[in-house]
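Undergrad: A single structure is presented below for examination.
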Amino acid sequence: MLLREDLTEAELIAWLQQVRQQVKVPVSTAEPWHVWMKHPELAEEVDYIAVHMLPFWEGIALKDSVDYIVDKMNQLKAAFPNKPIVITEVGWPSKGLTIKQAVASRANQAIFMRRFIHRAKAEGYVFYMMEAFDQPWKSALEGSVGGHWGLYDVNRKLKFEQQTPIIALPQWHFMAAASAMLAVVLITFLLIDSGALRKRGHSFLAFLAFAISSLMIWLIYDYSQEYHTWIGVVVGVLLLLGVVGVILVILAEAHEWAEAIWFKQRRRPLVEMPLAEGEHPFVSIHVPAYNEPPEMMKETLYALSQLDYPSFEVVVIDNNTRDEAVWRPVEAYCQELGERFRFYHVAPLSGFKVGR
């Protein structure tokens with residue numbers, strides 16, 4: 001009540017007093033440990049301290065979580081020595097977003113439960129595990145972890161064995177097989193056109209295929225563990241299609257990288273054309289322009305005119321500049337620079353980018 005500020009302390013105490021007058025059973029109200037420490041007057045109105053111990057919400061790492069609970073219980077015992085203390089909620093979620101150092105997973109849930117129960121028995125705690133079954137509707141209130149606090153899933157299936165060793169990913173056999181099969185498909189696809197690659201190029205593509213296939217299988221598995229509405233399923237399928245598109249682009253780019261780095265021979269080797277002594281290949285430099293400042297264009301063309309190369313031309317293509325005061329000075333300057341510089345004003349010109 002006080003944690004969520006549903007009531008003030010005075011209002012909650014009034015309710016507790018009213019209930020205690022009307023019933024003959026012990027009465028209390030449940031709050032996290034820090035709320036009890038902050039409101040000691042509240043303890044005077046209850047028959048026992050009902051405390052929630054959920055270190056996950058406080059971002060406590062799994063390895064420190066049980067000791068954290070014991071420490072807070074000792075603080076409560078010291079603050080309220082005459083009041084029995086009942087842990088009315090204690091647990092760890094099996095899935096959801098990480099909070100600081102607290103990681104939600106089935107393995108972590110199993111480890112926490114086993115460690116806490118063992119310690120609680122030694123300390124003599126009265127406690128209630130949170131909770132028996134997953135409640136997917138709570139995800140709307142508490143985020144992704146809200147629906148995954150149960151020891152059993154929504155289909156009433158126990159999430160982990162109580163005595164056998166904890167395996168972080170029980171389905172790893174199936175996932176490994178699926179990942180290997182997908183990797184074989186990707187490798188086959190990548191190596192269809194790889195005759196020009198050396199062994200290192202083949203190895204690079206094989207490593208990439210296995211990495212991507214593992215990622216894909218993990219994403220599908222992780223998403224399948226959520227509780228979804230039909231809208232969530234549709235969104236998930238659309239996102240998966242988007243991921244597939246991105247992966248295809250990555251594979252295509254990777255194939256090009258491999259061909260550029262690890263090649264036995266070039267796919268299209270450069271052929272050196274024989275030239276007579278003193279002859280140079282002819283170079284044509286194209287300068288596209290659209291509504292450019294004339295003085296800037298002149299500076300650019302002057303710089304090109306200073307090239308120390310005997311065989312070149314400069315073609316200036318002005319694309320759709322309407323103001324003659326802008327392009328006419330450039331045309332005149334090209335004439336001044338000589339026959340190597342040619343100017344073309346094209347208007348209208350539609351359907352092409354400047355310089356194409």
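Undergrad: Regarding Gly91, is this residue within 18 Å of Tyr152 (Cα to Cα), in contact with a Gly (Cβ under 8 Å, 6 or more places away or on another chain) and small (Gly, Ala, Ser)? Show your work before the answer.
TA: Working: within 18 Å of Tyr152 (Cα to Cα): yes; in contact with a Gly (Cβ under 8 Å, 6 or more places away or on another chain): no; small (Gly, Ala, Ser): yes.
No.
Undergrad: Right, here's the next one. Quickly run through segment 1-34 and pick out the residues that are surrounded by fewer than 18 Cβ atoms within 10 Å (Cβ to Cβ) and part of a helix (DSSP H, G or I).
TA: Glu9, Ala10, Glu11, Ala14, Trp15, Gln17, Gln18, Val19, Arg20, Gln21, Gln22, His34
Undergrad: Would you say Lys72 is in a loop (DSSP other than H, G, I, E, B) and without any contact (Cβ under 8 Å) to a residue 60 or more places away in the chain?
TA: On the way: in a loop (DSSP other than H, G, I, E, B): no; without any contact (Cβ under 8 Å) to a residue 60 or more places away in the chain: yes.
Judged against the criteria, Lys72 is not a match.
Undergrad: I'd like to check something: does segment 288-300 contain any residue that is in contact (Cβ under 8 Å) with a residue 60 or more places away in the chain, surrounded by 12 or more Cβ atoms within 10 Å (Cβ to Cβ) and outside any loop (DSSP other than H, G, I, E, B)?
TA: yes
Undergrad: Is at least one residue of segment 30-41 among the charged types (D, E, K, R), over 29 Å from Asn108 (Cβ atoms) and in contact with a Leu (Cβ under 7 Å, 6 or more places away or on another chain)?
TA: no
Undergrad: Next up: So if I check each of Trp262, Trp218, Trp257, which one is of a type outside the set (Ser, Thr, Tyr) and either loosely packed, with under 11 Cβ neighbours inside 10 Å or in contact with a helix residue (DSSP H, G or I) (Cβ under 6 Å, 6 or more places away or on another chain) (or both)? Lay out the reasoning, then the answer.
TA: Numbers: Trp218 fails: either loosely packed, with under 11 Cβ neighbours inside 10 Å or in contact with a helix residue (DSSP H, G or I) (Cβ under 6 Å, 6 or more places away or on another chain) (or both); Trp257 fails: either loosely packed, with under 11 Cβ neighbours inside 10 Å or in contact with a helix residue (DSSP H, G or I) (Cβ under 6 Å, 6 or more places away or on another chain) (or both).
It is Trp262.
Undergrad: When segment 93-108 is examined, which residues are found to be buried (at least 18 other Cβ atoms within 10 Å of the Cβ), under 18 Å from the mean Cα position of the chain (by Cα) and part of a loop (DSSP other than H, G, I, E, B)?
TA: To start, the set of residues in segment 93-108 that are buried (at least 18 other Cβ atoms within 10 Å of the Cβ) comprises 93-96, 102, 104-106, 108.
Now drop any that are not under 18 Å from the mean Cα position of the chain (by Cα), which leaves 95-96, 102, 104-105.
Scanning segment 93-108 gives Lys95, Gly96, Ala104, Ser105.
Undergrad: Filter segment 175-194 for residues that are touching a helix residue (DSSP H, G or I) at 6+ places or on another chain (Cβ under 9 Å) and modelled with pLDDT under 85; which is farthest from Glu256 (Cα to Cα)?
TA: Among those residues, the one meeting the criterion is Met175.
Undergrad: Then there is this: Out of the residues in segment 163-192 that are assigned by TED's automatic domain parsing to the domain that holds Met216 and among the hydroxyl-bearing types (Ser, Thr, Tyr), which is surrounded by the most Cβ atoms within 10 Å (Cβ to Cβ)?
TA: Ser179
To keep it simple, each residue is scored yes or no on (1) surrounded by fewer than 20 Cβ atoms within 10 Å (Cβ to Cβ); (2) in a loop (DSSP other than H, G, I, E, B); (3) at positive phi; (4) without any contact (Cβ under 8 Å) to a residue 24 or more places away in the chain.
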| residue | (1), (2), (3), (4) |
| --- | --- |
| Trp57 | yes, no, no, no |
| Ile60 | yes, yes, no, no |
| Tyr68 | yes, no, no, yes |
| Ala110 | no, no, no, no |
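Undergrad: Is it true that some residue in segment 230-243 is under 19 Å from the mean Cα position of the chain (by Cα), touching a residue at least 24 places away in the same chain (Cβ under 8 Å) and closer than 30 Å to Ala140 by Cα? Show your work before the answer.
TA: Pass one, segment 230-243, residues under 19 Å from the mean Cα position of the chain (by Cα): 232-233, 235-243.
After this cut, where a residue has to be touching a residue at least 24 places away in the same chain (Cβ under 8 Å) as well, the list is 243.
Then keep just the ones that are closer than 30 Å to Ala140 by Cα; that gives 243.
Checked segment 230-243: at least one residue is under 19 Å from the mean Cα position of the chain (by Cα), touching a residue at least 24 places away in the same chain (Cβ under 8 Å) and closer than 30 Å to Ala140 by Cα.
To keep it simple, each residue is scored yes or no on (1) assigned by TED's automatic domain parsing to the domain that holds Glu41; (2) in contact with a Lys or Arg (Cβ under 9 Å, 6 or more places away or on another chain); (3) closer than 20 Å to Gly147 by Cα; (4) not aliphatic (A, V, I, L, M).
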residue: Ile85; (1), (2), (3), (4): yes, yes, no, no
residue: Thr88; (1), (2), (3), (4): yes, no, yes, yes
residue: Lys95; (1), (2), (3), (4): yes, yes, yes, yes
residue: Ala107; (1), (2), (3), (4): yes, no, yes, no
residue: Ala110; (1), (2), (3), (4): yes, yes, yes, no
residue: Tyr125; (1), (2), (3), (4): yes, yes, no, yes
residue: Phe133; (1), (2), (3), (4): yes, yes, yes, yes
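Undergrad: Hey, Phe116 hits all of (1) assigned to a helix (DSSP H, G or I); (2) among the hydrophobic types (A, V, I, L, M, F, W, C); (3) more than 30 Å from Ser224 (Cα to Cα) but one; which does it fall short on?
TA: Answer for Phe116: the failing condition is (3).
Undergrad: Search segment 320-340 for residues being part of a helix (DSSP H, G or I) and in contact with a Phe, Trp or Tyr (Cβ under 7 Å, 6 or more places away or on another chain), and hand back the single one that is surrounded by the fewest Cβ atoms within 10 Å (Cβ to Cβ). Outline the logic, then answer.
TA: Our first condition is that a residue be part of a helix (DSSP H, G or I); within segment 320-340, this holds for 324-337.
Narrowing further to those that are in contact with a Phe, Trp or Tyr (Cβ under 7 Å, 6 or more places away or on another chain): 330-331, 334.
Values: Val330: 25, Glu331: 17, Cys334: 23.
Once the filter is applied, the top-ranked residue is Glu331.
Undergrad: Looking only at segment 218-231, which residues are within 16 Å of Val145 (Cα to Cα) and not polar (S, T, N, Q)?
TA: Asp222, Tyr223, Glu226, Tyr227, His228, listed by residue number.
The values are calculated or read from the model by the stated rules, or taken from the named source; none is laboratory data. Note that the structure is a prediction, hence the values are computed from the model and not measured. In this analysis, Cβ positions are derived from the backbone assuming ideal geometry, glycine residues included, and neighbour counts consider all displayed protein chains.
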